[in-house]
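Below is one structure, written out as structure tokens; comments come after it.
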Amino acid sequence: MGKYSAFKVQLASLQPGKYQQEFVCDTQFFKNMENESVQNADVQVHLDLENRNGLYDLKFILKGLVQVPCDRCLDPIDIEIDTTYDIKVEYGDDYDDASDDLLIIPADNPYLNVAYMLYDTILLSIPMRHVHPLGKCNRAMAAALNKHKVRGADEEDEEMVETEIGLEDADDVAAED
């Protein structure tokens, strides 16, 4: 049994009509994808599939959490995943994914493995910048950042940086060390 066999969607044998399928993208899923930035994950995926005489309409609904390191303090931060992904699939002579909304797969392939579609959809749902809310970063790391901040910045920039990463009283934390 392969790493992604749980993500196969049987297409060829489906009669025209509506179908549903469930998937889970967990921590092991991201390890299998060799993604080390996602430390923990629990994303539930619901698939609504409709076969319209050889044109398969797939709608994925993804909901859950992934945990990635904070860009500031490196402590884990939970990112909520709540997104959908729609694609149409049909059989043809060769594999063709040139279109954003239509995927053509070879006629001799009885199923579609959706693991990489789900992986890409989840990664695109994670913001480019992932940081804790104001003042919620690791206090010890904030104090260390305060010690090494750029010297010579004007006072307004310095105050903005301290406020942004919650360093207003980081000197108190540094003194506790």
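Things worth noting here:
- Matching residues, segment 90-143, being more than 15 Å from the chain's Cα centre (by Cα) and free of Cβ contacts under 8 Å to residues at least 12 places away in the same chain: 95, 96, 97, 98, 99, 100, 108, 133
- For residue 124, the requirement of being modelled with pLDDT under 85 and not basic (Lys, Arg) is not met.
- One residue stands out among those in segment 6-40 that are open to solvent by less than 10 Å² (accessible area, probe 1.4 Å) and either under 22 Å from residue 104 (Cβ atoms) or small (Gly, Ala, Ser) (or both): the one that is nearest to the chain's Cα centre (by Cα), which is 9.
Let's see how each residue does on (1) modelled with pLDDT of 95 or more; (2) of a type in the set (Phe, Trp, Tyr); (3) in contact with an Asp or Glu (Cβ under 7 Å, 6 or more places away or on another chain):
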{"residue": "6", "(1), (2), (3)": "no, no, no"}
{"residue": "23", "(1), (2), (3)": "yes, yes, no"}
{"residue": "74", "(1), (2), (3)": "no, no, no"}
{"residue": "88", "(1), (2), (3)": "yes, no, yes"}
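- Residue 58 meets the stated requirement of being closer than 22 Å to residue 19 by Cα and either modelled with pLDDT under 95 or crowded, with 18+ Cβ neighbours inside 10 Å (or both).
- Of the set (1) at pLDDT 90 or above; (2) open to solvent by 80 Å² or more (accessible area, probe 1.4 Å), all apply to residue 100 but (1).
- Filtered residues of segment 73-99 (kept if in a strand (DSSP E or B) and closer than 19 Å to residue 57 by Cβ): 83, 84, 85, 86, 87, 88, 89, 90, 91, 92, 96
- Test for residue 79: is it under 15 Å from residue 121 (Cβ atoms), open to solvent by less than 50 Å² (accessible area, probe 1.4 Å), touching a His at 6+ places or on another chain (Cβ under 7 Å) and not aromatic (Phe, Trp, Tyr): yes
The values are calculated or read from the model by the stated rules, or taken from the named source; none is laboratory data. In this text the structure is predicted, and so the values were computed from the model without any measurement. In this analysis, Cβ positions are derived from the backbone assuming ideal geometry, glycine residues included, and neighbour counts consider all displayed protein chains. SASA here: full protein model, heavy atoms, side chains in, ligands and nucleic acids out. Shrake-Rupley method; radii C 1.70, N 1.55, O 1.52, S 1.80 Å.
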